[in-house]
Amino acid sequence: MKLIQLGLEHEAALRDFLADFAAAGEERIPAYFGDPDMSHAEIVETFAKQSRGEGLEEGWVPGTTLFLVEDGRILGVANLRHRLTDHLRRFGGHVGYSIRPSERNQGFATRLLEEVKAYARVTLGIDSLLVTCEPENAASARVIEKCGGVLEDESFYEPAGHRVRRYSIAL
Ligand SMILES: CC(C)(COP(=O)(O)OP(=O)(O)OC[C@H]1O[C@@H](n2cnc3c(N)ncnc32)[C@H](O)[C@@H]1OP(=O)(O)O)[C@@H](O)C(=O)NCCC(=O)NCCS
């Protein structure tokens with residue numbers, strides 16, 4: 001199992017990964033910012049540019065999209081923001097993630113977040129990760145806690161329209 005950035009060779013694997021969410025009726029995939037109208041080559045290029053901080057939309061910071069892969073199959077995706085904005089500090093934090101619906105509850109999100117922690121520390125020199133979730137998302141809260149998350153606070157965040165838990169993870 002390894003963490004990869006999307007390449008041209010992952011076209012079929014990405015299609016299969018996205019089809020898993022569609023089959024489960026999940027239209028929104030947290031942490032995945034691919035555009036279905038783009039070709040695979042354009043998606044690869046867009047992710048590479050986001051990671052380098054090129055062509056960012058207003059208010060966006062550089063972010064690296066990382067996929068957890070086993071035997072050529074994509075199990076999950078994470079987006080690691082290289083730094084925080086005021087908004088991300090309240091909601092979103094450094095990292096978001098999703099595991100394909102058919103492979104949940106087997107520890108893959110925990111593995112993914114552990115790999116992302118190592119990537120953030122070694123590649124980006126980040127020493128503390130902020131990770132947020134909705135209190136109702138018990139699975140996500142559990143993943144964050146298993147990965148060393150310490151609850152900072154929980155409060156209603158008006159722009160999101162719901163309560164947000166903020167955890168910090170020392171790297
Ligand atoms: C949240 C998510 C990433 C978890 O992925 P996963 O691979 O199933 O996570 P793991 O298997 O590593 O761990 C899940 C933990 O939550 C627990 N859990 C799962 N559903 C739960 C529930 N309804 N209530 C309480 N705990 C729950 C599991 O028991 C497990 O804990 P354990 O190891 O102590 O038993 C996955 O559900 C997902 O992709 N959800 C949609 C996207 C999302 O919500 N992303 C997070 C945004 S903050």
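The values are calculated or read from the model by the stated rules, or taken from the named source; none is laboratory data. For clarity, every value in this text was computed on a predicted model and none was experimentally measured. Every residue, glycine among them, receives a Cβ derived from its backbone with ideal geometry; neighbour counts consider all protein chains shown. Accessible surface is based on the protein model in full, side chains and every heavy atom, while ligands, DNA and RNA are left aside. Shrake-Rupley method; radii C 1.70, N 1.55, O 1.52, S 1.80 Å.
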> What Rg and what Dmax come out for the stretch 94-171 when only alpha-carbon atoms are used, in angstroms?
Replying inline: 12.7, 35
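When Lys and Arg each count +1 and Asp and Glu each count -1, what net charge do the other residues less than 10 Å away from residue 72, Cβ to Cβ, add up to?
On the way: positive: 73; negative: 9, 16, 70, 71.
For residues surrounding residue 72, the net value is -3.
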> What number comes out for the charge environment of residue 84, summing +1 per Lys or Arg and -1 per Asp or Glu over other residues with Cβ under 12 Å away?
Replying inline: +4
> Near residue 49, which lysines are there with a Cα under 30 Å away, not counting those fewer than 8 places off in the same chain?
Replying inline: 2, 117
> Which one of 79, 132, 41 has its Cα pushed farthest toward the positive end of the charge dipole of the chain, where Lys and Arg give +1 and Asp and Glu give -1 at the Cβ?
Replying inline: 132
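Considering only protein heavy atoms, what per residue accessible area in square angstrom results for the chain with a 1.4 angstrom probe?
Per-residue value: 53 Å².
Excluding residue 36 itself, what net charge comes from residues whose Cβ is under 12 Å from its Cβ, given Lys and Arg +1 and Asp and Glu -1? Write down the numbers at each step before the final one.
Details: positive: 15; negative: 27, 35, 37, 42.
Result for the local shell: -3.
Two-decimal Rg/Rh of the chain from alpha-carbon positions, Kirkwood Rh? Don't jump to the answer; show the numbers that get you there.
Working: Rg = 15.4 Å, Rh = 16.4 Å.
Here Rg/Rh amounts to 0.94.
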